[in-house]
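Engineer: Please find one structure pasted underneath; my questions will follow.
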Amino acid sequence: MVGEGKVAAYVFPGQGSQWVGMGRELFESSPEARAVFEEADSVLGFALSRLCFEGPEDMLRQTENAQPAILVTSVAHLRANAQLREARPSFVAGHSLGEYTALVAAQVLDFADALRLARERGRLMQEAGRQNPGGMVAILGLDEALVEEVCRATGTYVANLNCPGQIVVSGGKENVAQAAELARSKGARSTVPLQVSGAFHTPLMQPAVEGMARAVSELSFADPVIPIVANTTARPIESGEAVKAELLDQLCHCIQWHKSVEYMVNEGVSTFTEVGPGQVLTGLIKRISREVELVNTESKRIARS
C-alpha cells in the first residue's frame, strides 16, 4: 500500500470516524485483527468488539466508548495489513484521539496501555463535558482570521484547524450557537454541529487534565521509533517525556492538523495512508495538498458507500 521509494506517513483518525459495523470484516478475515479485538475485550473487561460490530449507535458515539473503539479498529487495520506492519513510514500523526494510535505505531506505548489510556481519556472528557456543558461546530468557507473574529465576539475557541475552509469552533452551547450564526452572517458557506459530548480542545476540558496527568504518570513512555507530528505544535515529538506533555496539552488546546500535514509535505512526504475507520483524514489532506498520493485502508467499504 505504500509505494516503493516514496516518503510515507501514516495518519490515524479521531472521534467522529466511528460507525456501527467497523472492524467486523477485518475480524472475520484476519487473524491479526481478530487478536486485536479479543485482546481489547480482555483488557477492558467488556465486549468492545460487539459494540463496534453491532452498536447500538448511540452507545458507540459516547466519548468513553468511541475513543477506545476507534483506537482498537485502527490498530486492527494496521496489524491486518502485512505491508503496513513491515514498512517504516517517515512520520506518523493522529487527529486528536488518533494521536494515541500513533503512539502504538511508534512503539511509545504497547497496545494494552494505549487502550486503557484512551478509555480513561474518553471517560474524563465525557465527565468534563457534564461539568462544563459545551459543543463544537464546523465552520465551512471562512478563513482563519474571520473565524478568530467570530470566536472573540462569542466567547468561543478555535479547536481544530483542519484544512483550508474547514475550522472547528468549540465552547459553551449557547456560545457555539451564536458563533455559528455570526459565521453565517460573515459569509460561511455552512455550519455543521458535531456529535460530541463537550467543548473539546478548549479550557472547558480543564477538569480532565488532572485525571489524565495521573493516568499518564502511571505508565512508562518509550521514545518514538518513528517521529510523531504533534497535534498542538505541528512538529515532531522524539522523546517519551515530550509525548506525555503533548497528551495533556492537546486536551485544552487547538488541533493543528492543517499545519501538521503541511509540515510533513514540506519534509518530503508524498504518500499519506489513513489507517482506521472512515475517510475523514483522506478528505482533509486532499484539500491541503493536491500533489500527494492518498491511500485509505477502508477504501473498499468507501467504494461501496
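Engineer: Quote the FRET efficiency, to the nearest 0.05, computed for Asp223 versus Leu248 with a Förster distance R0 of 22 Å and r equal to the Cβ-Cβ distance. Could you put the intermediate results ahead of the total?
Structural biologist: On the way: r = 18 Å, r/R0 = 0.82.
The formula returns an efficiency of 0.75 here.
Engineer: Let me ask something additional. Choose one of Ala35, Gln83, Gly141: the residue whose Cα lies farthest towards the positive end of the charge dipole of the chain (beta-carbon charges +1 Lys, Arg; -1 Asp, Glu; about the Cα centre).
Structural biologist: So the residue we want is Gly141.
Engineer: Also: Ile237's amide H: which non-local residues (gap 5+, or another chain) put their own amide H closer than 5 Å, with H modeled 1.01 Å from N in plane and none for Pro or chain starts?
Structural biologist: Correct list: Ile228, Val229, Ala230.
Engineer: Another question, then. Neighbouring Cβ atoms within 10 Å as the yardstick, rank Arg121, Arg61, Arg290 fewest first. List each step's numbers first, then the result.
Structural biologist: Values: Arg121 26, Arg61 19, Arg290 7.
Ranked by crowding around the Cβ, least crowded first: Arg290, Arg61, Arg121.
Engineer: Additional query: Starting from the Cα of Ala153, step 7 Å along the direction of its Cβ; do the same at Val192; then give the gap between the two resulting points in nm.
Structural biologist: 2.3
Engineer: Taking 0.36 nm per residue of separation and subtracting the Cα-Cα distance, what length does fully extending Arg130 through Glu25 add?
Structural biologist: Numbers: separation 105, 0.36 × 105 = 37.80 nm, distance 3.50 nm.
Separation in residues times 0.36 nm, less the Cα-Cα distance, equals 34.3 nm.
Engineer: Still on this structure, please answer the following. Specify, per residue and in Å³, the volume enclosed by the convex hull of the alpha carbon atoms belonging to the chain.
Structural biologist: On the way: hull volume 37.2 nm³, N = 305.
Residue-normalised Cα hull volume stands at 122 Å³.
Engineer: Rg(Cα) of segment 133-193 divided by 2.2 N^0.38 Å? Intermediate values should be presented prior to the final figure.
Structural biologist: Working: Rg = 9.6 Å, N = 61, 2.2 N^0.38 = 10.5 Å.
Against the compact-globule rule of thumb, the ratio is 0.91.
Engineer: How do Tyr10, Tyr263, Tyr157 rank when sorted from fewest to most other Cβ atoms within 10 Å of their own Cβ?
Structural biologist: Numbers: Tyr10 29, Tyr263 19, Tyr157 25.
Ordered from fewest to most neighbouring Cβ atoms within 10 Å, Tyr10, Tyr263, Tyr157 come out as Tyr263, Tyr157, Tyr10.
Engineer: Then there's this: Under the definition of Cα pairs under 8 Å and six or more residues apart, what whole-number percent is the relative contact order of the chain?
Structural biologist: On the way: 671 pairs, mean separation 70.9, N = 305.
After rounding, I find 23 percent.
Engineer: How high is the relative contact order of segment 194-278, in percent, with contacts defined as C-alpha pairs under 8 Å that are six or more residues apart? Numbers along the way, then the final one.
Structural biologist: On the way: 82 pairs, mean separation 26.5, N = 85.
Reported relative contact order: 31 percent.
Engineer: Further question on the same structure: Excluding Phe111 itself, calculate the net charge of residues whose Cβ lies under 11 Å from the Cβ of Phe111, where each Lys or Arg counts +1 and each Asp or Glu counts -1. Don't jump to the answer; show the numbers that get you there.
Structural biologist: Numbers: positive: Arg79, Arg116; negative: Glu39, Asp110, Asp113.
My count for the surroundings of Phe111 gives -1.
Engineer: DSSP beta bridges in the chain, what fraction antiparallel, as a percent rounded to 5? It would help to have the intermediate numbers written out before the result.
Structural biologist: Working: 18 of 32 bridges.
About 55 percent, rounded to the nearest 5.
Engineer: Using only DSSP helix segments of four residues or longer, with each worth -39500 (n - 2.57), what per-residue ellipticity at 222 nm results for the chain after dividing by its residue count and rounding to 500?
Structural biologist: Numbers: 15 runs with 158 residues, N = 305.
So the helix-based figure for the chain works out to -15500 deg cm²/dmol.
Engineer: Which value in nm describes the separation of the simple spin-label points at Glu291 and Val43, placed 7 Å from the Cα toward the beta carbon?
Structural biologist: Output for this residue pair reads 3.8 nm.
Engineer: Report the net charge of residues surrounding Val158, where surrounding means a beta-carbon distance below 9 angstrom and charges are Lys +1, Arg +1, Asp -1, Glu -1. Display every interim value, and only then the final one.
Structural biologist: Values: positive: none; negative: Glu144, Glu148.
Around Val158, the surrounding residues sum to -2.
Engineer: Now, a different point. Could you give the distance between the Cα centres of segment 23-92 and segment 97-176, to the whole Å?
Structural biologist: Measuring centre to centre over Cα atoms gives 22 Å.
Engineer: Number of Lys pairs in the chain with C-alpha atoms less than 26 angstrom apart, excluding same-chain neighbours closer than eight positions?
Structural biologist: 9
Values quoted throughout were computed directly from the atomic coordinates according to the rules given, and no laboratory measurement underlies them. This one's a predicted model, so the numbers in the text were calculated from it and none came from an experiment. All Cβ positions, even for glycine, are placed from backbone atoms using ideal geometry, and neighbour counts span all protein chains on display.
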